Amino acid sequence: MKTQLISPEHVKDAAALIKKGGLVVFPTETVYGLGASAFNPTACAKIFSAKGRPSDNPLIVHISSETQLAAVAAPLSPQARALAQAFWPGPLSLIVPKNPNLPEIVTAGLPTVAVRWPRSPGALAFLQACGVAVAAPSANVSGAPSPTTFEMAKSAMLGRVEGILVGDDCEEGLESTIVGFVDGQPKIFRPGSITADDLARVLGCPVGNLTYLPPPEGRPVSPGTKYSHYKPAAEVRLFRSRDELASMDVEGHRVGLLVVGPAPGHPDWDVVAFGDWKEFGRRLYSTFFDLDRVGCTLILAQLPESEGLGSAIANRLNKAASS
Ligand code: TXA
Ligand code: MG
């Protein structure tokens, strides 16, 4: 398939492809998304084949108006409304009861829909030009790290989609925080840059993480959480302390290293030292991409404490490192 690379001045051309039932990759503040009209089931089906995504893994629906919200979801509960008011537009996806008119394929048959109103100017211009809600997972091939630069998006999706909208590097670099409600209680289904404390401040109650629904369902809450994710081609191993790093057996590997703070002296390694965890999160996937490209076979990555933004980074690193 011929893929058009579309500059932001021609965002209307990207929207025209969506309206015709095509797939368009577009930038957001979190990661690049792979979009189709949420009300075109045939176009949405193409998302799953372009990504190699299992069909039981539902899509996030991107909106840019209250009218579009009402078209995809039932009226929000007071708690969901409070979160929307506090964090939209922004990197928060809310799992709420779906509007019956939204095609089943978008939600993989679930009665709920994940909705997000992104804030990056590139995403908003695109969504406004589309004039329809856009279903979009991250624009990676299933299992790989999400694209956070135009270069990565092009490398993942060239030849698989009708268009790629040119954009800047993503400001957050990690996928949105996903919040859902279980028995009326807010829960984090996927941690992101909006933290448990940020959510608790708005809701006035603590917000915990949720990985599994209680029995009798006993199934993963977010279908996507059961699949392997975020993996570069290189093997990923994690460490907490510099002592732990020093004791790792790296024999025979071309090594890449991701740390926060001063870089340890390893002349033969590709060392990437970040100023803080915020920068680590923002550049994590693009650094994986760069280290793969230079031929690293082993990536050693420092694991943060699992709190605040650290829990989002640790979540992605643990999946990237899992076998
Ligand atoms: O930042 C983001 O969220 C990016 C950008 C493009 O918006 N999108 C993204 O989409 O990360 P994706 O498809 O890679 O991850 C969506 C996750 C999946 O784990 C999926 O299972 C979960 O959201 N999800 C979607 N709808 C759901 C629902 N109704 N109930 C539970 N989980 C849902
Ligand atoms: Mg994804």
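Would you check if there is a residue in the range 61-71 being farther than 28 Å from GLN185 by Cα and either in a helix (DSSP H, G or I) or at pLDDT 95 or above (or both)? Looking through the range 61-71, none of the residues is farther than 28 Å from GLN185 by Cα and either in a helix (DSSP H, G or I) or at pLDDT 95 or above (or both). Here the condition is being in contact with a Gly (Cβ under 6 Å, 6 or more places away or on another chain), open to solvent by less than 30 Å² (accessible area, probe 1.4 Å), within 14 Å of ligand 1 (Cβ to nearest atom) and modelled with pLDDT of 95 or more; of ALA136, ALA156, it holds for ALA136 alone. SER228 satisfies every condition listed in (1) closer than 27 Å to SER37 by Cβ; (2) at pLDDT below 95 except (1). Scanning the range 1-26 for residues that are within 16 Å of ligand 1 (Cβ to nearest atom) and either out of contact with any Phe, Trp or Tyr (no Cβ under 7 Å at 6 or more places or on another chain) or of a type in the set (Lys, Arg) (or both) returns ILE18, LEU23, VAL24.
Scanning the range 182-197 for residues that are within 19 Å of the chain's Cα centre (by Cα) and of a type outside the set (Ser, Thr, Tyr) gives LYS187, ILE188, PHE189, ARG190, PRO191, GLY192, ILE194, ALA196. Would you be able to say whether some residue in the range 233-250 is open to solvent by less than 70 Å² (accessible area, probe 1.4 Å) and free of Cβ contacts under 8 Å to residues at least 40 places away in the same chain? Scanning the range 233-250, I find at least one residue that is open to solvent by less than 70 Å² (accessible area, probe 1.4 Å) and free of Cβ contacts under 8 Å to residues at least 40 places away in the same chain, so the answer is yes. Against the definition (closer than 11 Å to GLY167 by Cβ, within 16 Å of ligand 2 (Cβ to nearest atom) and open to solvent by less than 30 Å² (accessible area, probe 1.4 Å)), how does PRO147 come out, yes or no? It is true that PRO147 is closer than 11 Å to GLY167 by Cβ, within 16 Å of ligand 2 (Cβ to nearest atom) and open to solvent by less than 30 Å² (accessible area, probe 1.4 Å). Within the range 26-59, restricting attention to residues that are β-branched (Val, Ile, Thr) and within 13 Å of the chain's Cα centre (by Cα), which residue is nearest to GLU171 (Cα to Cα)? Ranking the qualifying residues of the range 26-59, first place goes to THR30.
For the range 32-58, enumerate the residues that are closer than 18 Å to GLY131 by Cα and open to solvent by less than 40 Å² (accessible area, probe 1.4 Å).
Scanning the range 32-58 gives GLY33, LEU34, GLY35, ALA36, SER37, ALA38, ALA43, CYS44.
Considered as a group, the residues in the range 111-133 that are on the phi < 0 side of the Ramachandran plot and open to solvent by 40 Å² or more (accessible area, probe 1.4 Å) include one that is nearest to ligand 1 (Cβ to nearest atom), and that residue is THR112.
Filter the range 267-310 down to the residues that are part of a helix (DSSP H, G or I) and open to solvent by 30 Å² or more (accessible area, probe 1.4 Å) and list them by number. Those that are part of a helix (DSSP H, G or I) and open to solvent by 30 Å² or more (accessible area, probe 1.4 Å): TRP277, LYS278, GLU279, ARG282, ARG283, PHE289, ASP290, ASP292, ARG293, LEU309.
Among residues of the range 178-198 being modelled with pLDDT under 95 and not in a strand (DSSP E or B), the one that is most open to solvent (accessible area, probe 1.4 Å) is ASP183.
The values are calculated or read from the model by the stated rules, or taken from the named source; none is laboratory data. If you're wondering where the values come from, they're calculated on a predicted model, not measured in any experiment. Using ideal geometry, Cβ is built from the backbone for each residue, glycine included, and neighbour counts are taken over all protein chains shown. Only protein heavy atoms, including side chains, enter the accessible area calculation; ligands, DNA and RNA are left aside. Shrake-Rupley method; radii C 1.70, N 1.55, O 1.52, S 1.80 Å.
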